[in-house]
Amino acid sequence: MATLDADLIARKLGYAASGDLILHLPLRYQDETRLTPLRDVRMGVDVLVEGVVLHAEVQMQPRRQLLVEIAESAAPGSAHLYFRLLHFYPSQISQLQPGVRVRLFGEVKPGFFGAEMVHPQLRVVRDNTPLVATLTPIYPAVAAFSQNAIRKAVEIALRQADLSETLPQKLLDSLQLPGFAEALNALHHPQPDADLNALETQATPAWQRIKFDELLAQQLSLRLAAQQRQKLHAVALNHAQELEQRLLAALPFALTRAQTRALAEIHRDLAKPHPMNRLLQGDVGSGKTLVAALTLLPALAAGGQVAVMAPTEILAEQLYLKMHEWLVPLGMQVAWIAAATKGKTKKEALARIASGEINVAVGTHALFQTGVSFANLTLTVVDEQHRFGVGQRLALREKGGFTDANHMPHLLMMSATPIPRSLAMSYYADLDVSVIDELPPGRTPINTKVMSLKRRDEVIGRLRDYCLSGAQAYWVCPLVEESEKLQLRAAEESHAELVDLLPELNIGLVHGRMKGEEKAAAMAAFKAGELNLLVATTVIEVGVDVPNAALMVIEHAERYGLAQLHQLRGRVGRGARESTCLLLYGDALSDSGRQRLRVIKENSDGFAIAREDLKLRGPGEFMGARQSGQQILRFANLETDLDLLEAARNTAEHLLARQPEVANRHLARWLPRGLDYLRA
Ligand code: ADP
Ligand code: MG
């Protein structure tokens, strides 16, 4: 096969070049190294057999097929076997003449005439055609190419690519890992006695080596990115004692120990002349917003500007209200740029940000991507996001008003979705993490109940009494993932029905298709207590804070993911009132749906729920749910390969400190196109 074809196949399989095919690793193998005599075949087992055709005929019943009978030899009484071809060419009918020798690979099943194979892999052979010496790899394939074509392309890659060792033998010995070329050979061409089960579950030393290499490359690249960050400049900020005391004095409560600790970690970062890159993790309701406000103070005291971003309008407005409440009394100018702000008002607001008159600008991400520029952006706070990619940071820097190209604002990200340890260790190696692991005192635990939607009427009846007693409630509509339009309809239907059934109550509605100001008006009315009940879609999922709301009903809760349910439920249990969350499930409750509801009912701690989530779904999906769906790792599995991850982490540290040339060599193989691995 020409190299050109190998390149084409590589590209179709999603690689940049044919050389990458060395790491196109088999899914499984088939054993064509030995022939099983026809008399020894066992039912239900894949085998390679050989025989001579006795008889072949096209049958029309029950469907068109070519039925062929073969025998061990022409001698009378020798064992025989049937096979059927469901798709065949006319040439095959003439080819399969009596006496022709064929080799078949496939599963033997009991058939109408005895043992048979349905649509085996078939090859016409001469007497004594040699067998292959190693197991035959079955590769992940794309429709256009046969296994044979892919195998050939991989062979070309293995012959032409550089398989030289990147790692010192001493290191490999200490980790008990095979050499790179040896590992590839063991994966592409396993010996006949290889442990197929171990190969397929990726548990052999060869697999360990490949996974280790991948993890090591990832660790190296993340560490290099962190080192790069150390070369960037940021304004070193001092603790703003006076402003902080004034803000805290105005609060009706004191900081929790966990908030104080997180803040101290943040202050240490801010005091350095390099940009902070810190994630503040804390369960829903743990009080991250206040920590964010306190984080702004050193920047504001130094005369710098701050951008505060949230993923949705509702959240941005909530943040704005808090920042306004806490910072305006300190003499700060706080601006909210809503999507609906248009024309002259918007122009003026943007001009005041650009001139530096505004100290704190709050808005959605989308908003900051267009039109906003700052006089001296010193700090950025991003709510409800635990991955703010290099690209996004660079884009923000452009707007920061810096003359020094190496200048970068400090960055604080906040998220209630806890990152499991393995992910934090691996994917966030260049990120510092603070955790608020304690809720403010006085919270009453949320009572979570799971019940059938058949009891919906009863629930609505109780809702009436509940709201008439002065408490407020959320009604979360069923999730409709297929289309926003249907989601909207579901929300409007639920709203109309509840308005109809509960005429005594004031019932509002918020959903994703509403205009920003409509949403804001509904939220404000709910917050002010003018509405008893708020019918909502997941737009209320994050950040919404109405302490008087203490009951939440989630219709078709089984359709939601765990993280979503936990976030939704976190909207109640924010005040002193005892809170309840009712999870209503529909008839078509799947096993996994049932499991999710059980996890939510039994756990209130977001970290525990995230762990369960990881167990139920695996880390790829865990990330995918909230992130761009980008693949984390090709070979290593963060759940099962934690030991390798630890080893890779230690090795990366060691290599960068002592043997940078080894680190470079390894990165050149695994990330030949540079650090773009990191951008997302
Ligand atoms: P989240 O971490 O989910 O963003 P919020 O910042 O919205 O949580 O805080 C939830 C509620 O707790 C808010 O009403 C906030 O004012 C309140 N809160 C924050 N810190 C404390 C504290 N130390 N003591 C009591 N209440 C607090
Ligand atoms: Mg929040």
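The values are calculated or read from the model by the stated rules, or taken from the named source; none is laboratory data. Small disclaimer: the values here were computed from a predicted structure and weren't measured. Cβ coordinates were reconstructed from backbone atoms using ideal geometry, including for glycine residues, and neighbour counts include every protein chain displayed. Just the protein is used for accessible areas: all its heavy atoms, side chains included, with ligands, DNA and RNA removed. Shrake-Rupley method; radii C 1.70, N 1.55, O 1.52, S 1.80 Å.
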* Asked: What is the magnitude of the charge dipole of the chain about its Cα centre, with +1 placed on the Cβ of each Lys and Arg, -1 on the Cβ of each Asp and Glu, and no other charges, expressed in debye to the nearest 20?
  -> 840
* Asked: To the nearest 10 degrees, how steeply does helix 516-527 sit against the main Cα axis of the chain, on a 0 to 90 scale?
  -> 70
* Structure fact -> Hull surface over four for the Cα convex hull of the stretch 241-436, reported in nm², is 10.7
* Enumerate the amide H contacts of residue 233 below 5 Å, restricted to partners 5 or more residues apart or on another chain; note that Pro and chain-start residues carry no placed amide H. => 407, 408
* Structure fact -> Amide H proximity to residue 29 below 5 Å, modelled H, separation 5+ or other chain, gives 138
* Asked: About its Cα centre, what dipole magnitude does the stretch 34-131 give when the only charges are +1 on Lys and Arg Cβ and -1 on Asp and Glu Cβ, stated in debye to the nearest 20?
  -> 180
* Å² per residue, accessible surface of the chain at 1.4 Å -> 46
* Asked: Ignoring ligands, DNA and RNA, what percent of the accessible area of the chain is carbon or sulfur (1.4 Å)?
  -> 51
* Residue among 58, 538, 70 farthest towards the positive dipole end of the chain, charges placed on Cβ -> 538
* **Charged-residue dipole, Cβ positions (Lys, Arg, Asp, Glu), the stretch 236-331 about Cα centre, Debye nearest 20** => 300
* Asked: Once amide H atoms are built 1.01 Å from N in the peptide plane, which residues 5 or more positions from residue 448, or in another chain, come under 5 Å H to H?
  -> 581
* **For the stretch 217-291: rounded, prolate or oblate by the Cα gyration tensor [a/c cutoff 1.5]** => oblate
* Asked: If one takes the longest principal axis of the Cα atoms in the chain, at what angle in degrees, from 0 to 90 and to the nearest 10, does the Cα axis of helix 205-231 lie?
  -> 30
* To do: At 1.4 Å probe size, with no ligands or nucleic acids counted, give the accessible surface of residue 113 in Å², nearest ten.
  => 90
* Asked: Which of the listed residues, 372, 417, 264, is farthest toward the dipole's positive end in the stretch 241-436, when Lys, Arg count +1 and Asp, Glu count -1 at the beta-carbon?
  -> 372
* Asked: For the stretch 446-603, what's the relative contact order in percent, using C-alpha pairs closer than 8 Å and at least 6 residues apart?
  -> 33
* **Whole-number D in µm²/s for the stretch 34-131 (Stokes-Einstein; Kirkwood sum over Cα pairs; 25 °C, 0.890 mPa s)** => 183
* Any idea which of 280, 350, 363 is furthest toward the positive side of the dipole for the stretch 241-436, if Lys and Arg beta-carbons carry +1 and Asp and Glu beta-carbons -1? -> 350
* To do: Provide the per-residue ³J(HN,Hα) series for the stretch 358-370, in order, calculated from phi with Karplus coefficients 6.51, -1.76, 1.60 and θ = phi - 60°, each as a whole number of Hz, with x at glycine and proline positions.
  => 7, 8, 10, 10, 10, x, 7, 4, 4, 4, 6, 6, 10
* Determine ³J(HN,Hα), in whole Hz, for all residues of the stretch 451-461 in sequence, where each value follows from phi through the Karplus function 6.51 cos²θ - 1.76 cosθ + 1.60 and θ = phi - 60°; x replaces Gly and Pro. => 8, 6, 4, 4, 9, 4, 4, 4, 4, 4, x
* Rounded to whole Å, sorted largest first: equivalent-ellipsoid semi-axes of the chain, Cα gyration tensor -> 59, 35, 21
* Structure fact -> Per the helix-only model, the chain has a calculated mean residue ellipticity at 222 nm (DSSP H runs of ≥4, -39500 (n - 2.57) each, divided over all residues, rounded to the nearest 500) of -12500 deg cm²/dmol
* Asked: How far, in degrees from 0 to 90, does helix 257-270 lean away from the longest principal axis of the Cα atoms of the chain, to the nearest 10?
  -> 80
* **Phi to ³J(HN,Hα) by Karplus 6.51 cos²θ - 1.76 cosθ + 1.60 over the stretch 149-163, Hz, x for Gly, Pro** => 5, 5, 4, 5, 4, 5, 4, 4, 4, 5, 6, 8, 6, 7, 9
* Asked: Rounded, prolate or oblate: which fits the stretch 446-603, taking a ≥ b ≥ c as square roots of the Cα gyration tensor eigenvalues, rounded meaning a/c under 1.5, else prolate when a/b beats b/c?
  -> rounded
